[in-house]
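See structure below.
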Amino acid sequence: MGIERTFVAIKPDGVQRGLIGEILSRFERKGFKLVALKQVTPSRELAEKHYGVHRERPFFSGLVDFITSGPVVAMVWEGEGVISSARKLIGATKPLESEPGTIRGDLAVNIGRNVIHGSDGAETAKFEISLWFDSSEINDWIPADLVWRVES
Ligand code: DAT
Ligand code: MG
C-alpha cells in the first residue's frame, strides 16, 4: 500500500459542537500528515456535486440543507493507507452502530448528524480533493520527525 491522500470534512454539527480539535488530534496522533485545511460554508452547487451519488435518495435534500447550513472544516490527509484507515477512524455511517473508539462511535448518535465525512475509495478521494481544493491550496512538506514515522 503506497502513500495516499484522502478528503476529510468536519460537518457543521462537528464545528458547532466544538469538536474540531478533538477530531484533528485523532488524525495527527494516528500519524497522518495534514496537507490542506480550510473552513468553508459550502455552496449548494458544491454540496450537490459532493453528494451527487446520493441524488436519488430520499434524504438528499435534507443532507444538502444540513451540509450547507454553516462552516465545514475541509481537509486533505496524507499517508500510507490513509483512505481506508480514515474510514476506520471515522466509523460506520450510523453512529449507533459505529464502534466505540471511532469518531462517530464516541461523538455522535444521529445518522443525519454524524459529525464527519471521509472519502470511501481512491477514485472518490481524487474527485473530492479536486472538488474542494485548488491544487495551490495543497502543501507538500516533509515532517521533521519523518525518520521516526517510517520503517527504514
Ligand atoms: P458515509 O458518510 O459514511 O460515507 P454515505 O455515503 O452512505 O455515508 O451517506 C452520506 C451521508 O448521508 C451520511 O454521512 C449521512 C447521510 N445519510 C446516509 N444515509 C442516510 C439515511 N438513511 N438517512 C439520513 N441520512 C443519511
Ligand atoms: Mg459516503
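No lab work stands behind these numbers, since they all come straight from the coordinates. Given the structure is predicted, the values throughout are model-derived calculations rather than measurements. Every residue, glycine among them, receives a Cβ derived from its backbone with ideal geometry; neighbour counts consider all protein chains shown.
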- Go through the stretch 49-140 and name the GluC sites (Glu not before Pro) that are in a DSSP coil and have 14 or fewer other Cβ atoms within 10 Å of their Cβ. 56, 97
- Expressed in Å to one decimal, the Kirkwood Rh of the stretch 38-152 from all distinct alpha-carbon pairs is 15.8
- Message: How high is the relative contact order of the stretch 27-152? Use alpha-carbon pairs under 8 Å, at least six apart in sequence, and give a whole percent.
- Response: 26
- Note on the structure: Distance in nm between residue 150 and residue 111 label points, each 7 Å along Cα→Cβ, equals 4.1
- With Cα springs under 10 Å, the Gaussian network model of the chain assigns the largest mean-square fluctuation among 116, 83, 138 to 138
- Item | Where trypsin sites (Lys or Arg not before Pro) in DSSP loops with at most 12 other Cβ within 10 Å are excluded, longest remaining stretch of the chain | 56-148
- Query: Near the amide H of residue 81, under 5 Å away, which other amide H atoms are found, from residues 5 or more places off or on another chain, if H is placed in the peptide plane?
  - Reply: 2, 4
- Cut-off 15 Å between beta-carbons: net charge of the residues surrounding residue 65, Lys and Arg +1, Asp and Glu -1: +2
- Using the Kirkwood radius over Cα pairs of the stretch 83-128, the Stokes-Einstein translational diffusion coefficient at 10 °C and 1.306 mPa s, in µm²/s and rounded to a whole number, is 150
- GNM of the chain, Cα pairs under 10 angstrom: of 79, 62, 91, the biggest fluctuation goes to 62
